[in-house]
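Worksheet: the structure to be examined is printed underneath.
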Amino acid sequence: MLPTAVTLVEVGPRDGLQNEAAPVGADHKIELIHRLQAAGCREIEATSFVSPKWVPQMADNAAVMTGIRRQPGVRYSVLTPNLQGLHAALATCPDEVVVFGAASEAFSHRNINCSIADSIERFRPVVTAAHAAGVKVRAAVSCALGCPYQGEVSADEVERVVRLMRDIGVDHCGIADTIGVGTPVKVQAAMARALRHFPLAQVSGHFHDTYGQALANIHACLQMGVHTFDTSIAGLGGCPYAKGATGNVATEDVVFMLHGMGIATGLDLNALVDAGAWISSVLGRPPVSRVSRALLARRGSAVELALP
Ligand code: HMG
Ligand code: MG
C-alpha cells in the first residue's frame, strides 16, 4: 500500500545554498523561503548554525531566520551540530533543530570533526536543551548508503547510529544518501533498520541525486510506507565535505512523480517551477530539475499540458 499523502521537507535554502561557491545574500535566501512557502511548502530547512569558518555560506543564519516573514502553518528548521549552535539557533525561534551524524567514522571526522561516539555525546545535551525549549529534534544519518572516504557502508553501521540517535531521544530519524550512490534494494535495507527503532511517521529519506537514483529510491521507500522526504528546489546543493556530490533530488521532480501517482503533497508545481527558476537565475545557471526544464521549455506553447 502506497501512502496517499507525502510530506516534503524543503532543504534548498540550507542543503542547496550551503554549497554555492559565490556568496548568496541573506535577502535572496529570505526571498527564496517566501517563494517556497507561497508555493505550499510547510516544512522548510532554512539555514544551519554551524561554524562560519567551516561553512561560510551559512554565516548569515540569524539574519535569515529573523528576516523571514513567518507564515502560520509553516515549520522552520535549522541545523545545530552542538550546544553553541543550538543556543544561537534558539534565539531565532526555530520550530525544529537537526543534529547530523554519520554512519561512517571517516565522514563524521571530516564533516563535524569528531568520532561518531563523540558526536552523540555532543548531540545529547542539544536534544535535552531543545526539548526543554519545546523544540523538536530531527536526526540525519549521513553516508547511510556509501561514504566518499570509507566506501561501502553496511546496514549494521546505519543501525548502530540510528539506535544511538533513538537512545538520546531525537524525535525523528532521516536516512541520508549524501553522495547519491544508493540503489533501491540497498535503500530499503537501510530504511528497514531505521524502522526497527522509529515509527513510520518519524523516518524520512534524504537522497542526493548524484547518480540519478533518487526518484527510484523514493519510490522504493514509498513501497515501505515511508512518507516523508527531503527535497531541494531546482535540485540545488551538495555537501562541502563530500566533493563531487550534487544536490538533493529536485522538489519539482519529486512532486511531478508523486502527483502523477495520485499522491498528495499540498504543493503547487507551477509555483515551485517559478521559485526554482528564480533562484537559479540568481545563481546564474538553469535549474538542475528535469521537470523544471521541461515545463519551462513548454511555457508559451500552444498545447497546454495537463499537469499531474
Ligand atoms: P570544531 O572546530 O571541532 O569546533 O568544529 P570547536 O568546538 O573546537 O570550536 C572551534 C571554533 O568553532 C570556535 O571558534 C567555536 O566558537 C566555533 P574560535 O574560538 O576558533 O573562533 N564554533 C562555532 N561557531 C558557530 N556555530 C557553531 C560553532 N561550534 C563551534 N555551532 C563543528 C566542530 C561541528 C562546529 C564544525 O565541524 C562544523 O561547523 N561543521 C559543520 C559542517 C557542515 O555544516 N556540513 C554541512 C552540513 S551536513 C550535510 O550537509 C549533510 C546532510 O544534508 C545530510 C546528508 O546529505 O548526508 C544533513
Ligand atoms: Mg544533504
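Give me the pairs, please: first residue somewhere in segment 274-297 and part of a loop (DSSP other than H, G, I, E, B), second residue anywhere and modelled with pLDDT under 95 and buried (at least 23 other Cβ atoms within 10 Å of the Cβ), beta-carbon distance under 7 Å, and either six or more positions apart or on two chains.
Close Cβ pairs satisfying both conditions: 288/247.
Please specify each residue of segment 77-118 satisfying the condition of being among the small types (Gly, Ala, Ser) and within 16 Å of ligand 2 (Cβ to nearest atom).
The first filter runs over segment 77-118 and keeps only residues among the small types (Gly, Ala, Ser), leaving 77, 85, 88-89, 91, 101-104, 106, 108, 115, 117.
Selection gives 77, 101, 102, 103, 104, 108.
Is one or more of the residues making up segment 169-178 buried (at least 21 other Cβ atoms within 10 Å of the Cβ), over 30 Å from residue 277 (Cα atoms) and within 15 Å of ligand 2 (Cβ to nearest atom)?
Scanning segment 169-178, I find at least one residue that is buried (at least 21 other Cβ atoms within 10 Å of the Cβ), over 30 Å from residue 277 (Cα atoms) and within 15 Å of ligand 2 (Cβ to nearest atom), so the answer is yes.
Which residue pairs have Cβ atoms closer than 7 Å, lie 6 or more positions apart in sequence or on different chains, and pair a first residue in segment 100-115 that is within 18 Å of residue 15 (Cβ to Cβ) and within 6 Å of ligand 1 (Cβ to nearest atom) with a second residue that is of a type in the set (A, V, I, L, M) and not in a helix (DSSP H, G or I)?
Within 7 Å, the pairs are 100/79; 100/140; 111/102.
Which condition number in (1) buried (at least 17 other Cβ atoms within 10 Å of the Cβ); (2) in contact (Cβ under 8 Å) with a residue 60 or more places away in the chain is the one that residue 22 fails?
Status for residue 22: all satisfied but (1).
Within the set of pairs 6 or more residues apart or between chains, which connect a residue that is within 15 Å of ligand 2 (Cβ to nearest atom) inside segment 195-214 to a residue that is of a type in the set (Phe, Trp, Tyr) with Cβ atoms less than 7 Å apart?
204/229; 205/229; 214/207
Specify which of the listed residues (14, 42) is within 16 Å of ligand 2 (Cβ to nearest atom) and farther than 19 Å from residue 170 by Cα.
Numbers: 42 fails: within 16 Å of ligand 2 (Cβ to nearest atom).
Exactly one residue qualifies, and that residue is 14.
State yes or no: is residue 150 more than 18 Å from residue 219 (Cα to Cα) and either away from ligand 1 (no atom under 11 Å from the Cβ) or acidic (Asp, Glu) (or both)? Explain how you work it out, then say what you get.
Details: more than 18 Å from residue 219 (Cα to Cα): yes; either away from ligand 1 (no atom under 11 Å from the Cβ) or acidic (Asp, Glu) (or both): yes.
Judged against the criteria, residue 150 is a match.
Filtering segment 219-244 down to residues that are aliphatic (A, V, I, L, M) and over 16 Å from residue 205 (Cβ atoms), which residue is nearest to ligand 2 (Cβ to nearest atom)? Show your work before the answer.
Initial filter on segment 219-244 (aliphatic (A, V, I, L, M)): 220, 222, 224, 226, 233-234, 236, 242.
When the remaining residues are screened for being over 16 Å from residue 205 (Cβ atoms), the result is 233-234, 236, 242.
Details: 233: 14, 234: 15, 236: 11, 242: 8 Å.
That would be 242.
The values are calculated or read from the model by the stated rules, or taken from the named source; none is laboratory data. This structure is a prediction, so every number in the text was calculated from the model and none was measured. Positions of Cβ are generated from backbone atoms using ideal geometry, with glycine treated the same way; all protein chains shown enter the neighbour counts.
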